[in-house]
Structure formats: structure tokens, C-alpha cells
Amino acid sequence: MNDLNISFEKLSNTLESVLQRYGFDAQRAEKCALLFAQTDLDGVRSHGVNRFLKLLNFIRKGYVDPKKEPEIESNLGVFERWNGQLGVGNLNADFAMARAIKISEQFGIGCVALKNTNHWMRGGNFGWQAVNAGKIGICFTNTKANMPAWGGSEPKLGNNPLVIGIPRSEGPVVLDMAMSQFAYGKLSVFSMAGKKAPYAAGFDQEGNLTNDPKTIIENEMAIPAGMWKGAGLSLILDMLATLLSGGDSTHEVDQSGEEIGLSQVFLCFDPKKLELEDWFDQKGNEIINELKSSKVFEGKEVLYPGENVLRTREKNRKKGIPVNREVWSQILNELEK
């Protein structure tokens, strides 16, 4: 095992110190570092510290501006449009969901469309942000083209992540999924570990199914989750994000040669303001309890979306967060520059 176990506090504080060296003010450095550290605390290693160095590289290249914050373009009550100004993706997304939460507290429903932003890293953070505020949260983003249309032989669709969070007294339900069978971050984790994906995850150069992560990453030919269904959902999410924000679609993002200038949407529903409280928690718990009563195959377990996150979070709080030694060494080197 090529990992170190690092406390949440040490991890977030170290990342914060590095970010301040890259032009972040203290408050934004702290928030950005916490979002990265929370991702690894929750066990989503594909989109946390393993992507931190890529963010630094994008800042050095001028693709991401650590000083830029979202700028409003339209305010229509329940719906707002913002320009992310190529700022830091996870900070822009955190801001947009906070706005959607605030709007929902006034109107019951809030929607924020965000253009010209950058990779939000782990989208699930913003679903948890909503449920921690007692709200239903829905958000999605487009990406560069890294998945084929069903039947196609070249990348045309993004693996556009979709996040849906529902608060619940016995444990929030938070779905965080990309449109590919395996997110590219997950494929990178397999590749770094010298492992194959457990199932067919994409196509090789001849159009054959493969579970070799290196081949899939090089070809940018991940298989859509649900095959033609995932391909269709990816297209629809890209269209919605583009049309609601007025930003770039997947094919326009591709023209830059880098994954920058993305379009995103954040929706929030306030059960209290919408007068759903009489049944909201009871019915939510009943649905999950019925799911958990399912008969299972030997050695298997039925989990609801987000359940394993809660377990992993508790374990990593106690034992420390696993971080790749080489990645950690490179991060520490940033403090010496």
C-alpha cells in the first residue's frame, strides 16, 4: 500500500498553505482546502487531493484565476445567472449552491445557472452542502468531450456529473454520479494502482469493450452508464447547463484544448418553505427502510446513495485519511518553492 494516513486538520492546513502561495487570500484558501480535504475524508479519492496538483498547474498556466469571484448577470427572483469569470471551480460551485439555498429560503425554490467556470472537483460536496442546510439540492455540470455518443467512434459527449441530495433525519441520501460507467478520476485511481476496472469501462481503438483504464483514458472513450440511456442523459444535461447559463457546451469547451469554461446549474428546494414538513422525513425514512429490508445475495449489502460516505467519513476521522505518498510528497514540495 503506497499510502500515508494524514489527519483531516493536517491535510486541510497543508493545502491551505500551498494555496496562499498561489495567490489565494486567507479566507478563500481555507474554503478551497476544506473542500479538497472533505472529498478525501469522504473517501472520494479520485476527485480530491489527487486533483490538487492539476489545479495548481492550471493556475500557473493562467486557466484558473484564484482571485476571480462570480459576477451576477441576471436576477429574476427564483432564478439567477452568474459568470464564474474562470475562477476556482469548487469555490464558484460552493458559492452558487449557497445562493440557491438562500433563494429557496425566500421562495421555496432556488435556481442558479453558472457559466465560464472551472472543474468543481467533487460535485457531491455541493449535494452535501444542500442537505446540511436541510434542503433538497440538485446540481449538474458539463465537461469536455470524453465519452462517445452511443454508436459513435470518437468522444462527443461529456461524462457530465449529476448530484441529487435529499435530507433525512436517519442519514441524508446523496447521489453523486458521472454519466460514464466509471468517472475518469476513478479510472485514474485504478491506473495509478496498476489495476483493471472491475467491469468493462470503455472502448479500445477498435471499438471493443475493455477494462484497461490506461487505454480508456488515452482514447477518452469511457462507456456511458446505461449505454444509450447514459448517452442521452449526458446530452440533455449539457443542453440544460448551456441553455440556462448562456455558457459553453461540451463541444465549445473542447475548442480550448483544456477543460475550462464550463457551464453548471444548481437547484434547491426548501421543504419548510414549501410546506412539506408534515410528511417529508417520515416518508423519506420509510422509503429507505423498505430498501434496506431487501433480501440480498450472500456477502452483499444494500446501500443507499451516500450511506457508505458516512461510514468512510467516520473511519477516516479516527484513523486518518489515506493519501498517496508520491502525491503528498509533491504537495509538500510546493511549500519549499
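The values are calculated or read from the model by the stated rules, or taken from the named source; none is laboratory data. Note that the structure is a prediction, hence the values are computed from the model and not measured. All Cβ positions, glycine included, derive from the backbone under ideal geometry; neighbour counts span all protein chains shown. We work out accessible area using only protein heavy atoms, side chains counted, and drop any ligands, DNA or RNA first. Shrake-Rupley method; radii C 1.70, N 1.55, O 1.52, S 1.80 Å.
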Please express the Cα-Cα pair-distance distribution P(r) of the stretch 210-337 as a list of whole percents, one per 10 Å bin, running from 0 to the bin with the greatest distance. 8, 16, 28, 33, 14, 1
Build a GNM of the chain with springs between Cα atoms under 10 Å: which of P172, P161, P322 gets the top mean-square fluctuation? P322
Using a 1.4 angstrom probe, figure out how much accessible area the stretch 1-113 has per residue, in square angstrom, rounded to the nearest whole. 43 Å²
Filter on K115/K156; K10/K318; K196/K295 - keep pairs with C-alpha separation over 23 Å: K196/K295
Surface share of carbon and sulfur [accessible, 1.4 angstrom probe, percent] for the stretch 71-169: 54 percent
Quick one: if you stick a label point 7 Å off each Cα along the C-beta vector at S17 and K337, how many nm between them? 1.6 nm
Viscosity 0.890 mPa s, temperature 25 °C: give me the Stokes-Einstein translational D for the stretch 1-160 in µm²/s, with Rh taken as the Kirkwood radius over C-alpha pairs. 146 µm²/s
Can you pull the semi-axes for the chain, root of five times each eigenvalue of the Cα gyration tensor, sorted largest first, whole Å? 27, 25, 24
Please give the calculated 222 nm ellipticity per residue for the chain, where each DSSP H segment of at least 4 residues contributes -39500 (n - 2.57) and the sum is spread over every residue; nearest 500 deg cm²/dmol? -13000 deg cm²/dmol
Distant-in-sequence amide H partners of I321 (H built 1.01 Å from N, under 5 Å): I6, S7, F8
Only helices at least 24 Å long along their axis, Cα-based, and averaging 0.5 or more on Kyte-Doolittle count here, so list those DSSP H runs from the chain. 228-245
Once label points are set 7 Å from the Cα along Cα→Cβ at both E290 and E326, what is their separation, rounded to one decimal in nm? 4.9 nm
Rolling a 1.4 Å sphere over the protein heavy atoms, what is the accessible area per residue of the stretch 125-208, to the nearest Å²? 42 Å²
Convex hull per residue volume in Å³, alpha carbons only, for the stretch 114-246: 120 Å³
Hey, rough spin-label estimate for F297 and L310, points 7 angstrom out along Cα→Cβ, what's it come to in nanometres? 2.6 nm
